[in-house]
1. For ASN175, state whether it is free of Cβ contacts under 8 Å to residues at least 12 places away in the same chain and within 26 Å of PRO14 (Cβ to Cβ).
2. Condition first: part of a strand (DSSP E or B) and among the polar types (S, T, N, Q). Now tell me which residues in the stretch 130-163 satisfy that.
3. Mind listing whichever residues of the stretch 169-184 are open to solvent by less than 80 Å² (accessible area, probe 1.4 Å) and outside any helix (DSSP H, G or I)?
4. Return the only residue of SER197, SER201 being closer than 27 Å to ALA294 by Cβ, hydroxyl-bearing (Ser, Thr, Tyr) and touching a strand residue (DSSP E or B) at 6+ places or on another chain (Cβ under 7 Å).
5. Within the stretch 2-43, track down each residue that is open to solvent by less than 60 Å² (accessible area, probe 1.4 Å), within 11 Å of the ligand (Cβ to nearest atom), under 21 Å from HIS288 (Cα atoms) and part of a loop (DSSP other than H, G, I, E, B).
6. In the stretch 12-46, what count of residues is obtained for those that are aliphatic (A, V, I, L, M) and over 26 Å from LEU189 (Cβ atoms)?
Amino acid sequence: MQPFVLFPSMGEYPLYDDAVYDGLSAEDSRWRAYAEALRVAAPGRVVLDVGTGRDALWALVAARAGARHVYAIEASPAAAAAARRAVASSGFGGQVTVLEGLASDQVLPVRADVCVSEILGTIASSEGAIPILNDCRARLCTPECVWIPFRARTMIASVDVGTPALDPSCEPLMNRVLAAAGGAFGPRLCLGGPAWSALVSAPAVVESDVFDSRRPPPLSEMSVEVELVSGKATGLLLWTRVAVASSGREVDTLDGGTRAWAPVYVPVPLAGRVRAGFTRRTGDDGVHPDYTLAVDGVPVWRSPHHVLSQEKGVTGRSSN
Ligand SMILES: C[S@@+](CC[C@H](N)C(=O)[O-])C[C@H]1O[C@@H](n2cnc3c(N)ncnc32)[C@H](O)[C@@H]1O
């Protein structure tokens with residue numbers, strides 16, 4: 001039986017539901033790394049939790065660790081209401097304030113000493129972490145702020161996964177992604193299955209975003225070219241590695257320790273030594289990037305966030 005299936009990437013659209021939040025509440029490698037980083041950074045500090053989600057997860061971990069106060073921002077009205085209930089029933093209502101709306105629309109009475117967030121995507125920057133956290137850095141945080149996560153990287157490698165089919169059970173999700181993107185287009189497809197076993201080249205880094213006050217990641221368009229050497233490959237895989245704190249092991253999408261992220265699969269037959277080019281450009285909404293991949297200079301994948309960007313052509317527009 002084919003061990004791999006495909007399903008659409010959804011985190012870059014406002015499609016979080018109970019099933020996703022249930023997965024995020026699992027005490028896995030992601031959870032342990034965030035909890036440990038907050039146990040070190042939060043005591044006595046003002047903490048900002050960007051995208052606190054249904055369960056006010058990191059806000060409550062920070063409060064339990066002894067944060068002076070936590071401001072927990074959540075864009076989804078339903079998730080913000082649930083987060084308020086979670087905070088009230090936890091007994092930390094006096095220590096945690098839930099703010100509904102986009103982080104960019106918020107003001108705080110004091111600047112935060114610690115900023116925790118998990119708005120990382122299947123490609124590290126795909127949920128808009130760079131512009132969202134750059135805005136928090138400028139308006140809501142102290143210059144010495146501790147950033148959790150500290151760094152997110154996007155890796156690339158060639159893989160041999162046969163011809164995986166779209167998981168039939170993901171049809172409703174696919175329709176929601178198409179509706180959120182504004183019509184019919186080619187959504188990013190994630191690979192389900194033991195992806196680490198399918199790598200046929202060494203991984204290379206195409207994106208390394210350090211969320212640190214001294215060297216914030218630039219919003220401007222970026223392009224990187226890396227060399228991949230492999231035998232027969234059916235495509236390219238992009239995935240996320242997260243250094244939650246500045247020390248300690250990275251959490252890796254591929255190692256099976258967390259269900260929080262999934263690798264993105266781009267079918268393109270390859271063999272031997274190739275140059276893979278990765279380009280990121282901020283999309284139409286000013287938050288979510290459009291991406292392209294090229295092999296030996298030839299574009300093989302254009303992945304806009306919105307249908308609108310695709311209609312304009314992802315190469316013909318400057319956005320920053
Ligand atoms: C991956 S979930 C993380 C939830 C929880 N913090 C966790 O780590 O399990 C990302 C959350 O961020 C919220 N979000 C995304 N962009 C946001 C923004 N610009 N401002 C506020 N919340 C945002 C989403 O609605 C979602 O609830």
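1. So ASN175 fits the description; yes.
2. THR142, THR154, SER158
3. Listed by number, the residues that qualify are GLY182, GLY183.
4. SER201 is the lone residue from the list that is closer than 27 Å to ALA294 by Cβ, hydroxyl-bearing (Ser, Thr, Tyr) and touching a strand residue (DSSP E or B) at 6+ places or on another chain (Cβ under 7 Å).
5. Scanning the stretch 2-43 gives MET10, GLY11, GLU12, TYR13, LEU15, ASP17.
6. Adding up the residues that qualify gives 8.
A quick yes/no check of all residues on (1) in a strand (DSSP E or B); (2) crowded, with 17+ Cβ neighbours inside 10 Å; (3) within 15 Å of the ligand (Cβ to nearest atom):
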| residue | (1), (2), (3) |
| --- | --- |
| VAL70 | yes, yes, yes |
| ALA80 | no, yes, yes |
| ALA83 | no, yes, yes |
| ALA86 | no, yes, yes |
| LEU99 | yes, yes, yes |
| VAL110 | no, no, no |
| VAL114 | yes, yes, yes |
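The values are calculated or read from the model by the stated rules, or taken from the named source; none is laboratory data. All of these numbers come straight from a predicted model, not from anything done at the bench. With ideal geometry, Cβ positions are generated from the backbone for all residues, glycine too; neighbour counts draw on all protein chains shown. We work out accessible area using only protein heavy atoms, side chains counted, and drop any ligands, DNA or RNA first. Shrake-Rupley method; radii C 1.70, N 1.55, O 1.52, S 1.80 Å.
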